[in-house]
Structures are given as structure tokens and as C-alpha cells.
Amino acid sequence: MKKILITGALGQIGSELLVKLREVYGTDHVVATDIRKNDSEIALSGPFEILDVTDSKRMFEIAKNHQVDTIIHLAALLSATAEAKPLLAWNLNMGGLVNALEVARELSCQFFTPSSIGAFGPTTPKENTPQETIQRPTTMYGVNKVAGELLCDYYFHKFGVDTRGIRFPGLISYVTPPGGGTTDYAVEIYYEAVKRGKYTSYIEKGTFMDMMYMPDALKAIITLMEANAAQIKHRNAFNVTAMSVAPEMIASEIRKHIPEFEIEYHVDPARQAIAESWPNSIDPSAAREEWGFAAEYNLQTMTSDMLEKLSKKYSPSTMAK
Ligand SMILES: NC(=O)c1ccc[n+]([C@@H]2O[C@H](COP(=O)([O-])OP(=O)(O)OC[C@H]3O[C@@H](n4cnc5c(N)ncnc54)[C@H](O)[C@@H]3O)[C@@H](O)[C@H]2O)c1
């Protein structure tokens, strides 16, 4: 049975992954860490340690004290924030990663960290982007992700660390709001549809990006981590996706449930430029062939579920509690 340490556990992915991992491996087998603590169930429902991932000594001590054999490294600055604070992004995204890889090497841990569609750039083929292709991103986040993929490969080849990674598209979820990415609009649109019946998109109509619903992302992480090492060729990192969508497509799907829903556009040039440097759709066939990746949710089923869950979250009876 794995004993897992998660960094950045209170973020959009971590807050849901933690719950799922505790269901699968047991509460005491999953040690949550983050630079902050809040009073959420996650922070209170099992082992939790405050950890700044740039503090290598403390990371090592926590991992050793809890005798972990697996590290899931999530703490990072996301694309839009990283572009606004590039030096901070470099220090956190690369410094945190190398610290986590060093702990994995010293304690012989299995290792997972997410890459992103941000690891591609304007010279990458835009449609059905292959697993192996040109990666010359023009954002600091993208530079970090490509360097991170290479560093994880390096730790595998040089030191035998069992590193595995996934290039996630924009992840859509209703538990924890996203933390400053370019695809955040695709989450906000559902919240605003439920709360106000209208949304102003900072991404231009007709801009396609890949997306995936959080339950599929969690399943993908666990499936890849459990896959037999002999099956895996690419390691860092696998393309995965569930849908390629533009803002107006999400809006028209929402209108099937909320007919009066309105969308307007007030484009943010900074995030639009990042979106335009990314692929329109990526090819997940290597993940499918090597470890059986399959997304369950499409735009229709995800929209129904998001609206149902958010309506419950923001219904007057729930809000009054
Ligand atoms: N959410 C997405 O759509 C998406 C898509 C592709 C890749 N990813 C990647 O997945 C990973 C997790 O993303 P997320 O969406 O959960 O991010 P998030 O911004 O929601 O959460 C990041 C967490 O890291 C914590 N953190 C920040 N600085 C820290 C530090 N110095 N030490 C320790 N913790 C710190 C924050 O408190 C936060 O809880 C990142 O590597 C991100 O690039 C996310």
C-alpha cells in the first residue's frame, strides 16, 4: 500500500485528489502539505503539515518522518500568475520541483508531477498535437513545464527515480476555485451561470483549448501511478484530454439548462495571448495505448454535473447553513 506525500494539497487539484487518495489508500496513508492551512475538511481530516516547497530541508524531514514512498508534487504558480510574476514562478516552479525530486531520489520514492498543455508553444502543431513534437513555449509557465518534463526524465534515466507525469488541459471542477490559470474562464462561467445567469469572458469567442472534468483527471493520476512500469514508454509527460472547446460552445451547452444565460466578451490581452500560443486540441493516444487512459465526461455530461453540483452549493438552503 502506497504512503503518499502531496504538496500544494489545498489547491484546485490537491483538494479533490487528497480525498480520492484517502478513499483508495486510507486516511493515514496520505500526508497533505501546503504553504498555508485553512479550516477545510481536507486540512483537518488526516495528516497535514505546513510546507513551503522551496524549503528542501523541511520537505525531506516531513517525507522521512512519515516514511512516504510516493510524492505527488502539485505546488506551483499557474500560467496567468506566472506570466505576471515570472521570477517568482521560476523560483517556485523549478526550485520546488528539484527539491521534491531530490527527496524522491534520497528516499527512493515514486514521483508524480503534472505538466500542462502550456508546455507547447506557437510553433507546435495546433491541431491534434502529437505526444512528441516541437515544444518552444513563449510563457514562463511553459518554460517551467518543459524544463520540468526534462528534469523528471533526467531523474529517471540518471538516478532510476520512477517519475511519471501528465500534460493536463484546463481542469474544470466545482470544489476549489482554480488558482490563476488561462483556462479558469471555463470554471468561472459555470459559477456565474448559477449565481448570476450571465458571464463576461476574458477569452475571445472562437478560441479553442482542451479541457477535462476533475473526476477524469483524478482517475488519470491514479491509473498512471498504478500502471506497470514495463508498459510505460513516455513517462514525462503524457498528453490527455477530454474535449476541445471555445467559450461560446460552453455557453450554448449551459443554455440547454439555463435558457436565459448570457455571455459577453471583454478580452484580457495577456491571457488571450497565452491561449493563442497553446494547441487547439491535443492527441492523447500514447496515454490511451500505454496505460489505458479514457475520459468519461464530455462537454454535455460535464455541464449537467457542474450545474447540478453548483446549484446545490449555492441553493438558498445550503447557503444559509
Ligand atoms: N488546474 C489546472 O487546470 C491545471 C492544468 C494543468 C496543469 N496543472 C498543474 O497542476 C498542479 C496543481 O495545480 P492546481 O490547479 O491545483 O494549482 P492551485 O493554484 O489551485 O494550487 C496550488 C497550491 O500550491 C500552494 N502553494 C503555493 N506556493 C507554495 C509553496 N511555496 N509551497 C507549498 N505550497 C505552495 C497553494 O497554496 C495552493 O494550495 C500545478 O503544477 C499546475 O501547473 C493544473
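The values are calculated or read from the model by the stated rules, or taken from the named source; none is laboratory data. In this text the structure is predicted, and so the values were computed from the model without any measurement. No Cβ is skipped: glycine too gets one built from the backbone with ideal geometry, and neighbour counts run over all protein chains shown. For accessibility, only protein heavy atoms count, side chains too; no ligands or nucleic acids. Shrake-Rupley method; radii C 1.70, N 1.55, O 1.52, S 1.80 Å.
Taking residues in the stretch 251-265 that are at negative phi, and partners anywhere that are among the β-branched types (Val, Ile, Thr) and not in a loop (DSSP other than H, G, I, E, B), the pairs with Cβ atoms closer than 6 Å and at least 6 places apart or on different chains are Ala251/Ile263; Glu253/Thr303; Phe261/Ile254; Glu264/Thr200.
Hey, among the residues in the stretch 61-80 that are open to solvent by 30 Å² or more (accessible area, probe 1.4 Å) and assigned to a helix (DSSP H, G or I), which one's nearest to Glu106 (Cα to Cα)? Within the stretch 61-80, the match that is nearest to Glu106 (Cα to Cα) is Lys64.
For Ala273, the requirement of being within 23 Å of the chain's Cα centre (by Cα) and part of a helix (DSSP H, G or I) is met.
Filtered by the rule that a residue be within 20 Å of Ile221 (Cβ to Cβ) and either open to solvent by 10 Å² or more (accessible area, probe 1.4 Å) or not in a helix (DSSP H, G or I) (or both), the stretch 178-195 gives Pro178, Gly179, Gly181, Thr183. Scanning the stretch 184-206 for residues that are in contact with a helix residue (DSSP H, G or I) (Cβ under 8 Å, 6 or more places away or on another chain) and within 16 Å of the ligand (Cβ to nearest atom) returns Asp184, Tyr185, Ala186, Ile189, Tyr190, Tyr191, Tyr202, Ile203.
Yes or no, residue by residue, for (1) touching a residue at least 24 places away in the same chain (Cβ under 8 Å); (2) part of a loop (DSSP other than H, G, I, E, B):
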| position | (1), (2) |
| --- | --- |
| Lys2 | yes, yes |
| Leu5 | yes, no |
| Val31 | yes, no |
| Arg58 | no, no |
| Leu87 | no, no |
| Leu92 | yes, no |
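Screening Ser116 with (1) open to solvent by 20 Å² or more (accessible area, probe 1.4 Å); (2) of a type in the set (S, T, N, Q); (3) closer than 28 Å to Lys2 by Cβ gives one miss only, at (1). Is it true that Ala9 is open to solvent by less than 10 Å² (accessible area, probe 1.4 Å), within 16 Å of the ligand (Cβ to nearest atom), in contact with a strand residue (DSSP E or B) (Cβ under 7 Å, 6 or more places away or on another chain) and in a loop (DSSP other than H, G, I, E, B)? When the stated conditions are applied, Ala9 passes them. Among the residues of the stretch 106-123, those that are in contact with a strand residue (DSSP E or B) (Cβ under 9 Å, 6 or more places away or on another chain) and not small (Gly, Ala, Ser) comprise Leu107, Cys109, Gln110, Phe111, Phe112, Thr113, Pro114, Ile117, Phe120.
The single condition among (1) open to solvent by 10 Å² or more (accessible area, probe 1.4 Å); (2) more than 25 Å from His73 (Cα to Cα); (3) over 23 Å from the mean Cα position of the chain (by Cα) that Ile254 does not satisfy is (1).
Only one of the listed residues (Ile274, Ile221) is among the β-branched types (Val, Ile, Thr) and not assigned by TED's automatic domain parsing to the domain that holds Thr129. That residue is Ile274.
Just one of Lys85, Lys126 is within 12 Å of the ligand (Cβ to nearest atom) and open to solvent by 60 Å² or more (accessible area, probe 1.4 Å); which is it?
Of the residues listed, the single one that is within 12 Å of the ligand (Cβ to nearest atom) and open to solvent by 60 Å² or more (accessible area, probe 1.4 Å) is Lys85.
One residue is enough: does the stretch 129-142 have a residue meeting the conditions assigned by TED's automatic domain parsing to the domain that holds Ser311, in a strand (DSSP E or B), in contact (Cβ under 8 Å) with a residue 60 or more places away in the chain and more than 12 Å from the ligand (Cβ to nearest atom)? No, every residue in the stretch 129-142 fails to be assigned by TED's automatic domain parsing to the domain that holds Ser311, in a strand (DSSP E or B), in contact (Cβ under 8 Å) with a residue 60 or more places away in the chain and more than 12 Å from the ligand (Cβ to nearest atom). Residues in the stretch 61-78 that are farther than 24 Å from Trp90 by Cα and either basic (Lys, Arg) or within 10 Å of the ligand (Cβ to nearest atom) (or both): Lys64 only.
Among the criteria (1) within 24 Å of Ile221 (Cβ to Cβ); (2) not in a helix (DSSP H, G or I), the one Val267 does not fulfil is (1).
Only one entry of Leu150, Leu101 meets the criterion of being within 16 Å of the ligand (Cβ to nearest atom) and open to solvent by 50 Å² or more (accessible area, probe 1.4 Å), and that entry is Leu150.
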